[in-house]
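All remarks here apply to the structure that follows.
The values are calculated or read from the model by the stated rules, or taken from the named source; none is laboratory data. Given the structure is predicted, the values throughout are model-derived calculations rather than measurements. For neighbour counting, all protein chains shown are included, and Cβ atoms are generated from backbone atoms with ideal geometry for every residue, glycine included. Accessible surface is based on the protein model in full, side chains and every heavy atom, while ligands, DNA and RNA are left aside. Shrake-Rupley method; radii C 1.70, N 1.55, O 1.52, S 1.80 Å.
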Amino acid sequence: MDAQVLTGGFSDPAIQAASAFRAVMEAMARPGTIFPITGAVPPAPLSPAAGAVLLTLCDADTSVYLAGAMDCKAVRTWLAFHTGASVVGPAVADFAVGAWDDLGALSQYPVGTSEYPDRSTTLVIELAEMNATGATLAGPGIQTTAQFSLPDVKSFQANNQLFPLGLDFIFTSGDDVAALPRSTQVS
Amino acid sequence: MTQTSDYNFAYLDEQTKRMIRRAILKGLAIPGYQVPFASREMPMPYGWGTGGVQVSAAVLRPEDTFKVIDQGADDTTNAVSIRTFFERTAGIETTTTTGDATVIQTRHRIPEEPLSEGQILVYQVPIPEPLRFLEPRESETRKMHSLEEYGLMHVKLYEDISRHGHIATSYAYPVKVEGRYVMDPSPIPKFDNPKLGDMAAIQLFGAGREQRIYALPPYTNAVSLDFEDHPFEASKADHPCGLCGAEDSYLDEVIIDDDGTRMYVCSDTDYCEGRRAAGFVGAMAQAGDGEILTTQRELEITA
């Protein structure tokens, strides 16, 4: 077994997961705002931020879809060792990880049901870089408006139209995390 | 006393925390929607804040400063025991000062002092379902939420008006979140309802026995239900605080002798203490020692 599989997890899981979660939670509560998230050293092509998100939220109770280049032996074995999450297809995934172009049509992911809108996929999208320019965001968690470098506009608008159903997005890049819940209006 | 190292950080095991954390994220993404979660048994009885404690355990970091209030007070049994619980199991700093806290767990009040970004308010919720007393079946209330069928709630408020002449619901007053979900703000007095919307802090609601978590992100719209001809009114006892003289705070009514003499004091003890430390003196307090004048005659003189 490759030694890299065994390393790169949280060295102090309870403490590092708590800090990482707070970054993810603040990001989800304040759409478009970028927060630092650290603690994980996952194998490429996973970014440290995406690795930390997966370590914080995934375990044997969740399923993960690895899109495109993410679906490689290094990521699969690392994820299996550190989280125990099962790797599945997009139609039944609790989480999906990958580059925006690899994640494919959003319609292939579950958006929840009208009685249980929480039963939807959370997409962890790897971005080459992210900053506070680009699409304008408004809605819960945003005082007036916010700007964020979304990889697309139309898909996120369509997702918002489904509210209260829909997908939620976590953006990762290097050591940074941001998020876009379904409630955010994009223009 | 048990040492921190005997427990996992903040008591809960990591798998449980991940499950709660996933529910919190979905709650934030769908403001006002009640996310089911696998509530654990906690070392305290249901009704003592098991939901709030689990949410707090899932969000706390070692560097947090934690405050607990029970009906506004820092020094009641529930607040003291939960504060001690996290001092022991998480080894975190605790405080009674609202402005110094990063995580505030509350039972039935929102602090008077406005909260800021970076703070988290965790509510203990007994009955998360606002429609529960109108429709006992969970299968039905879930359907009503999915269809946005909230007519029954307006009928209830209307019956209040037809019976009492005004909307008599004075606590757990329902709000509509972002024009979609009707939400129970937990049994806070309706005086606190205007603070729910557009708050800078994150608000998380945990119901342990009922196994539900819901949330209000910052700057979220939360409107108290009302009628055009009977608009919502945040009410409080029409008195100033007897100890600090505040006229803008929510008051507790305290009977202080066998003759039924009453005094009204701030329910938010930190707010009241802060004002008294700043030199404000109420009609029933003496400067410095806070000694209470108790006779009816003295009350009448000061009134």
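The alpha carbons of the protein assembly as shown give a radius of gyration and a Dmax of 24.0, 86 Å, in that order. Element breakdown for chain B at a 1.4 angstrom probe: carbon and sulfur atoms account for 49% of the accessible area. Which of the residue pairs B:K195/B:K236; B:K26/B:K156; A:K73/B:K26 have a Cα-Cα distance greater than 19 Å in the structure shown? From B:K195/B:K236; B:K26/B:K156; A:K73/B:K26, over 19 Å: B:K26/B:K156; A:K73/B:K26. For the listed peptides A:82-90, B:114-122, B:202-210, a ranking on the average number of other beta carbons within 10 Å per residue, highest first, reads B:202-210, B:114-122, A:82-90. Taken residue by residue and averaged, Cβ atoms of other chains lying within 10 Å of the Cβ of A:15-27 number 6. The interface between chain A and chain B buries about 3400 Å² of solvent-accessible area in total (1.4 Å probe, ligands and nucleic acids excluded).
Using the heavy atoms of the protein chains and a 1.4 angstrom probe, tell me the accessible area per residue for chain B in square angstrom.
Averaged over the residues of chain B, the accessible area is 42 Å².
The alpha-carbon positions of chain B define a convex hull whose volume is 156 Å³ per residue. Counting only residues at least eight positions apart within a chain, or on another chain, the aspartates and glutamates with an alpha carbon under 16 Å from that of B:K17 are A:D12, A:D59, A:D61, B:E41. Taken along its principal axes, the alpha carbon cloud of the stretch A:91-181 reaches lengths of 34, 29, 22 Å, longest axis first. Once the Cα atoms are used to define both axes, helix A:48-57 deviates from the longest principal axis of chain A by about 90 degrees.
Here is the list for the stretch A:76-184: GluC sites (Glu not before Pro) lying in DSSP coil, each with at most 15 other C-beta atoms within 10 angstrom of its C-beta, are A:E115, A:E129. Against the longest alpha carbon principal axis of chain A, how many degrees, from 0 to 90 and to the nearest 10, is the axis of helix A:13-29 turned? Value to nearest ten degrees: 20.
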